[in-house]
Amino acid sequence: MSGRLLYGSGVSPGIAIGPAVVLQLEFPTVPHRVVPPDAVEREVERLYDAIGAVRQTLERLRVRASERVGTEEAKIFDAQLLMLEDREFLGQVERLIRDNQLAAERAFEFKALEVRALWANSANTQLRDRVADLSGVQLRVLNFLLERRDDEVLHAHDRPAIIVTREVTPGLTIQFEREHVAGFVSEEGTRTAHAAILARSLGIPCVMGLPHALERITAGRELVIDGTRGTVIVSPTPEDVRAAHAFDARRHKLLADLETIGREPAVTLDGARIPLRGNLDLPEELEPLVRHGAEGVGLLRTEFMIVGRASLPSESEQLDYFRRVARQFPEEPITVRSYDVGGDKFPAAFRIGPEPNPFLGWRALRVCLDRPQVFLTQLRALLRARLDGDVRLMLPLVIEVGEVTRTQELIAEARDALRRDGLRAADHLPVGVMVETPAAVTVADQLADHAAFLSVGTNDLTQYTLALDRGNARLAARFSGFHPAVLRLLRDVAAVGTARGTPVSVCGEMASEPFGIFLLLGLGYRELSVAPTALPLVRWLVRHLRTTDAEAAAEAALTATSAAEALRHLQDRLAALVDLDLVAAGWLPGNRSAASLEEHRGSG
Ligand code: PEP
Ligand code: MG
């Protein structure tokens, strides 16, 4: 019999085995304490003493982090240190003490809870991820003021343990030696949380987002955690442990292979050269893109510049960012997508009101064309940035040629205006079209006549073809880019590209998935744009494939009457070429391909 299997999300890859140490990092109960007027000054002093002491601790942790993982990662502690230097926040706490004669801990808790509520409910994932930083600070300050000893103490075990807690803070990650901590499991958190980033740098396996972990895992129980697949086995059998070790051995073999390949180009066994570009969502991803050898940027999502902000970014802010990216890739294209707002992204600056069908609503290019002033600012920044590199524009959610030609008119307008302003601008800005609606596929030949390139957004193409909301968890099992209807559309777009000589790439998730890559090569796609973390694996896989095998597999997949059947065809043929267990061992957490590989493992 097997141990009990729990699912969370893998945020730092690798296997760890050890006893569970349950850390109840509960915030202390803060009594409601009011002080006499003559003690108010003393409370204000206590507040700043606590802030000073916690700052010292965090600075010590920062030094430790820079020694163990490097100065860049150590900057993660700056987020917490900045909270302690936030004059506005501290001023408000101080005012609460003075105006209401509150004890320092009570006033601090009150304000921290207010900020927590604001961040935890924010639509901005970056802010939500900062909640763990806030927890780290809150816990330390309150513990100091209440003279509680630091709860982050690991009770001695004779071998490395796995810490199970509600939330992993960056401090917790860095605090312990590897001889004491083998891994982390938490109820909260995502792969972008600071603690997750540190765990990856330290090479400590970590599973986050495991619901009710504290109730489901008893202290002292043996655990096997898999930070690649996001699983935890409670009380594993010897067979579970053997399987985990075997899995880890494969992962290490794959990592060694990836190391050997390094930044070698992605060339198939029969010599097809596949440029691999990167998808860039956040500025922080620029460094990993460069490190993993991306050949330029195939999709630069500009939404991060507006989501969670009250105002739109200025021309110069956009210009700075596009230039910064362009300088990293002097010889390669930088494909900037115009604002793709609406749908599930409603930045305040655009004032998009509630709509009954937001995914079919006033979104993406429609908004830009209806708000030419906003669009023109972005176009001006692009025309200027193009002087520093091969910067291009890509349009989302296109349904007809008119949208492309209207954009081109606006580009001409922006160029004239720049020159009137005495500013230098590129003569030409290549405009590409994202193929992500059935309409765009149907008129792809017409679009190809007006566009410099086509790029398939398989996420939206699947959503709009199958009439399935891509974000609806209840529909997740039905949502598949391998559905026969989507496969035929993908085939048709590739054929248009070949017939018209228009470059066609894929920048949706499918390009990052093993079976997707195999299929797309078989359908004739010769350029992919993928998430930074997926780059080494995609390169590895491409180098193990032959286009003729991929073509035969794609042909077989096209005969399928369901996504499951198409996937089976692809799996069977891919299994003959590469060790699928090896592929499964390496596909990094957070990548949707993990799900399709899980299916393979389940069926195989
Ligand atoms: C897509 O739809 O496949 C795509 C790449 O765009 P996004 O995921 O940003 O909608
Ligand atoms: Mg899209």
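Here are a few things to note about the model shown:
- Entirely in the range 430-481, the helices (runs of 4 or more DSSP H) that have 1 or more residues that are within 13 Å of ligand 1 (Cβ to nearest atom): 438-442, 458-466
- Residue in the range 448-463 that is nearest to ligand 2 (Cβ to nearest atom), counting only those that are in contact (Cβ under 8 Å) with a residue 60 or more places away in the chain and over 21 Å from the mean Cα position of the chain (by Cα): Phe453
- When the residues of the range 326-352 are filtered to those that are part of a loop (DSSP other than H, G, I, E, B) and open to solvent by less than 40 Å² (accessible area, probe 1.4 Å), the one that is nearest to Asp469 (Cα to Cα) is Gly343.
- Pairs, first in the same structural domain as Ala199 (by TED's automatic domain parsing) in the range 74-96, second open to solvent by less than 30 Å² (accessible area, probe 1.4 Å), C-beta under 6 Å, six or more apart: none
A quick yes/no check of all residues on (1) modelled with pLDDT of 95 or more; (2) of a type outside the set (Phe, Trp, Tyr); (3) assigned by TED's automatic domain parsing to the domain that holds Thr228:
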| residue | (1), (2), (3) |
| --- | --- |
| Glu551 | yes, yes, no |
| Ala556 | yes, yes, no |
| Ser562 | yes, yes, no |
| Trp587 | no, no, no |
| Arg592 | no, yes, no |
| Ala595 | no, yes, no |
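- Contact annotation: residue pairs with Cβ atoms under 7 Å, 6 or more positions apart or on different chains, pairing a residue in the range 375-389 that is over 19 Å from Arg327 (Cβ atoms) with a partner that is open to solvent by 40 Å² or more (accessible area, probe 1.4 Å) and charged (D, E, K, R), are Leu376/Glu413.
- Qualifying positions in the range 313-325 - open to solvent by less than 10 Å² (accessible area, probe 1.4 Å) and either part of a loop (DSSP other than H, G, I, E, B) or closer than 20 Å to Ala534 by Cα (or both): Pro313, Val325
- Check on Val224, in the same structural domain as Val185 (by TED's automatic domain parsing) and outside any helix (DSSP H, G or I): yes
- Considering residues of the range 387-404 that are within 16 Å of ligand 2 (Cβ to nearest atom) and among the β-branched types (Val, Ile, Thr) only, the residue nearest to the chain's Cα centre (by Cα): Val398
- Just one of (1) outside the structural domain of Glu332 (by TED's automatic domain parsing); (2) open to solvent by less than 50 Å² (accessible area, probe 1.4 Å); (3) over 24 Å from Leu127 (Cα atoms) fails for Ala249. It is (2).
- Condition check for Arg500: surrounded by fewer than 18 Cβ atoms within 10 Å (Cβ to Cβ) and either at pLDDT 95 or above or more than 14 Å from ligand 2 (Cβ to nearest atom) (or both): yes
- Of the helices (runs of 4 or more DSSP H) lying entirely inside the range 492-579, not one contains at least 2 residues that are within 22 Å of Ala439 (Cα to Cα) and touching a Lys or Arg at 6+ places or on another chain (Cβ under 6 Å).
- Taking the numbered list (1) modelled with pLDDT of 95 or more; (2) open to solvent by less than 30 Å² (accessible area, probe 1.4 Å) in turn, Gly508 passes all entries but (1).
- With respect to being on the phi < 0 side of the Ramachandran plot, more than 16 Å from ligand 1 (Cβ to nearest atom) and at pLDDT below 95, Ala412 falls outside the description.
- From Gln328, Gln373, residue being more than 16 Å from ligand 1 (Cβ to nearest atom) and closer than 20 Å to Ala425 by Cβ: Gln373
- Of everything in the range 301-312 that is free of Cβ contacts under 8 Å to residues at least 40 places away in the same chain and not in a helix (DSSP H, G or I), the residue that is most open to solvent (accessible area, probe 1.4 Å) is Ala310.
- With respect to being exposed (fewer than 14 other Cβ atoms within 10 Å of the Cβ) and farther than 27 Å from Asp226 by Cα, Pro283 fits the description.
- Among the residues of the range 382-403, those that are within 16 Å of ligand 1 (Cβ to nearest atom) and assigned to a strand (DSSP E or B) comprise Arg392, Leu393, Met394, Leu395.
- When Arg546, Arg470 are screened for being touching a Ser or Thr at 6+ places or on another chain (Cβ under 8 Å), within 16 Å of ligand 2 (Cβ to nearest atom) and open to solvent by 60 Å² or more (accessible area, probe 1.4 Å), only Arg470 passes.
- The residues of the range 13-68 that are of a type in the set (Lys, Arg) and open to solvent by less than 70 Å² (accessible area, probe 1.4 Å), listed by number, are Arg46, Arg64.
- Residues of the range 353-372 that are over 22 Å from Glu409 (Cα atoms) and assigned to a loop (DSSP other than H, G, I, E, B): Gly353, Pro354, Glu355, Pro356, Asn357, Gly361.
- The residues listed here are Glu105, Glu59, Glu94; of these, the one that is of a type in the set (D, E, K, R), in contact with a Lys or Arg (Cβ under 8 Å, 6 or more places away or on another chain) and closer than 23 Å to Arg148 by Cα is Glu105.
- Test: residue in the range 532-539 that is among the β-branched types (Val, Ile, Thr) and either touching a strand residue (DSSP E or B) at 6+ places or on another chain (Cβ under 8 Å) or over 24 Å from His483 (Cα atoms) (or both): yes
- The condition (being open to solvent by less than 30 Å² (accessible area, probe 1.4 Å), touching a helix residue (DSSP H, G or I) at 6+ places or on another chain (Cβ under 6 Å), modelled with pLDDT of 80 or more and not assigned by TED's automatic domain parsing to the domain that holds Ala195) is satisfied by just one residue among Glu167, Glu105: Glu105.
- In the range 429-438, residue nearest to Leu360 (Cα to Cα) [restricted to those that are within 14 Å of ligand 2 (Cβ to nearest atom) and in contact (Cβ under 8 Å) with a residue 40 or more places away in the chain]: Thr437
The values are calculated or read from the model by the stated rules, or taken from the named source; none is laboratory data. Computed from a predicted structure; not experimentally measured. Every residue, glycine as well, gets a Cβ built from its backbone with ideal geometry; the counts of neighbours run over all protein chains shown. The area values use the complete protein model at the heavy-atom level, side chains included, leaving out ligands, DNA and RNA. Shrake-Rupley method; radii C 1.70, N 1.55, O 1.52, S 1.80 Å.
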